[in-house]
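What follows is a single structure, written as structure tokens, with notes after it.
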Amino acid sequence: MTFECSQCGECCSHLGLVHTIQKDYGDYRFLINNVYTGERTEVTVDPDKIALFCDRSIFSERPEACPFFRFDRAAAKGYCTVHTTRPGICRDYGCWRILILNTDGQRAGRIMCQRFLASEDERLSRIFHEEIDDLCGLDDAAWDERVIRVLVTAGYSVRQ
């Protein structure tokens, strides 16, 4: 299964430390700079997100958020207001290697890049510690396959 964004906003909540607005051209057009790579990207606020972009309340709650990230509390979803023209680093980003869902279809945890579990689900954490932590000598594909088998057997579902 391919990566599917759940719009939680975790990825964008600290990107204000990475993406800075270098120039405001007006008409909701900007030049942004990636402070780590020096990459510059011209972006334009998506026409259907201008009102959302104008609401800057996100920064009182998430002061390090990307300058173009907004969170709609009513919908409990985050939005990139420049999604159509967003930088390449944002286009390529996937926030998990394996997404783990509980029996209700809610996120129970995520396997991050180098075989790290991020979860507050005690049962899932115990299963990971007892049955997965010590898996060694497997390449990534074999490790993923084994982990998925363990998790599905335990009643979880997964997305890759």
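Before we move on, is Ile89 of a type in the set (A, V, I, L, M, F, W, C) and either surrounded by 17 or more Cβ atoms within 10 Å (Cβ to Cβ) or in contact with a helix residue (DSSP H, G or I) (Cβ under 8 Å, 6 or more places away or on another chain) (or both)? Steps first, please.
On the way: of a type in the set (A, V, I, L, M, F, W, C): yes; either surrounded by 17 or more Cβ atoms within 10 Å (Cβ to Cβ) or in contact with a helix residue (DSSP H, G or I) (Cβ under 8 Å, 6 or more places away or on another chain) (or both): no.
So Ile89 does not fit the description; no.
Considering segment 109-132 alone, what residues qualify as being polar (S, T, N, Q) and not in a strand (DSSP E or B)?
At the first step, the residues of segment 109-132 found to be polar (S, T, N, Q) are 114, 119, 125.
Hits for segment 109-132 are Gln114, Ser125.
For Asn102, only one of the following conditions fails: (1) touching a residue at least 40 places away in the same chain (Cβ under 8 Å); (2) surrounded by 14 or more Cβ atoms within 10 Å (Cβ to Cβ); (3) under 18 Å from the mean Cα position of the chain (by Cα); (4) within 30 Å of Asp144 (Cα to Cα). What is its number?
All conditions pass for Asn102, except number (3).
Values quoted throughout were computed directly from the atomic coordinates according to the rules given, and no laboratory measurement underlies them. Note that the structure is predicted; figures quoted are calculated from it, not measured. Backbone-built Cβ (ideal geometry, glycine too); neighbour counts: all protein chains shown.
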